[in-house]
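Scroll down for the structure; my scribbles are underneath it.
Here, each number is a calculation from the coordinates, and none is a lab measurement. It should be emphasised that the depicted structure is a prediction, and the values quoted were computed from it without experimental measurement. Heads up, the Cβs are rebuilt from the backbone with ideal geometry, glycines too, and the neighbour counts pull from every protein chain shown.
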Amino acid sequence: MPSSLAWIVDGRHMVQAGPRAAIPAHLAALLSPSERSRLQGFQRAPRACEFLLGRLLMRRALMQGSAGRLEEIEVEERPGYAPIVRIAGVLADGVAQPAVSLSHSRGWIACAIGMGTPIGVDIEAPLAGRDLATLAGHAFTPAELSWLALQAKDDAGAREDAFYRLWCAKEAEYKYRHHAGEHHALAASVPPTLHHERQPHYHLCICSRVEAGQHRSEEIALEALLEWTESRGSSA
């Protein structure tokens, strides 16, 4: 039976340090050569921090979802596409090894893995004053705009929730279908399931073939992720 799990890290303390957010060299050293090359290419320190935290969280998730060791996780960057990930030489495609998907928003990092299913995840941290109407006009179809217009017309908070629910769903499903098209020819034609979560600081959506109510999510403290990574790195 397909299963999916997601982990969320609040990295705002590290990411929002701005130009002072130096990338610890010993953590960057855990990345693959192509990941380090991409990391060095970021012009903004906060974005570099989000990238690093996402890749560390991905390794923790894949180790927890498989029998692989840290040094067995291989990541190959592809400009404009999700990276190719292998565990002990086996493609992380949701068949023999877990599939993986990453997302970030304003310091929040999410990583989801799928066993027996393609996977797509999106996390969005709302920003006060954001012009959601203009964003919706650019990103949503006429049918989606009609649905959005019917949601809680007299409740601004409920309208915002509806916007992010739809936005996250579209992003997560896009990642799911891209992954399915690459690795799961049959799954690409199977209607996926959307799992939504509304938390105080973010909206989350996971797209997979997992039955409704069967997905699990867990928040991890930033300090715990860094301590876990450093302990694994020192023993590798």
Label point distance in nm, His26-Ser231, each placed 7 Å from Cα along Cα→Cβ:
1.5
Radius of gyration and maximum dimension Dmax of segment 1-159, Cα, Å:
18.1, 54
Any idea how far the Cα center of segment 136-155 sits from the one of segment 41-107, in Å?
34
Among trypsin sites (Lys or Arg not before Pro) in segment 63-162, those in a DSSP loop whose Cβ has at most 16 other Cβ atoms within 10 Å are Arg69, Arg130, Lys153
Take the Cα of Ala17, step 7 Å along the line toward its Cβ, and report every residue of segment 192-216 whose backbone nitrogen sits under 19 Å from that point.
none
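What does the extension gain come out to for Glu160 and Ala88, with contour length at 0.36 nm per residue minus their alpha carbon separation?
Result: 21.6 nm gained on full extension.
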Stretch Gln40-Glu223 to full length: gain in nm at 0.36 nm per residue minus the Cα-Cα span?
63.5 nm
So which chymotrypsin sites (Phe, Trp or Tyr not before Pro) in segment 62-161 are both in a DSSP loop and have at most 11 other Cβ atoms within 10 Å of their Cβ?
none
Percent RCO, i.e. relative contact order, over segment 104-182, from Cα pairs under 8 Å lying at least 6 residues apart
40
Name the residue, out of Leu127, Leu31, Leu194, whose mean-square fluctuation peaks in a Gaussian network model built on the chain with Cα pairs under 10 Å.
Leu127
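Which FRET efficiency, nearest 0.05, do Arg78 and Val190 yield, Cβ-Cβ r, R0 30 Å?
It comes to 0.75.
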The ³J(HN,Hα) series, computed from each phi in segment 194-201 with the Karplus coefficients 6.51, -1.76 and 1.60 at θ = phi - 60°, rounded to the nearest Hz and given as x for glycine or proline, is 9, 10, 10, 9, 10, 10, x, 10
Relative contact order %, the chain, counting alpha carbon pairs below 8 Å whose residues are six or more apart
25
What area, in nm² and to one decimal, does the C-alpha convex hull of segment 84-236 cast on average over all directions?
11.0
Unit charges on C-beta of K, R, D, E only; dipole of the chain, Debye:
360
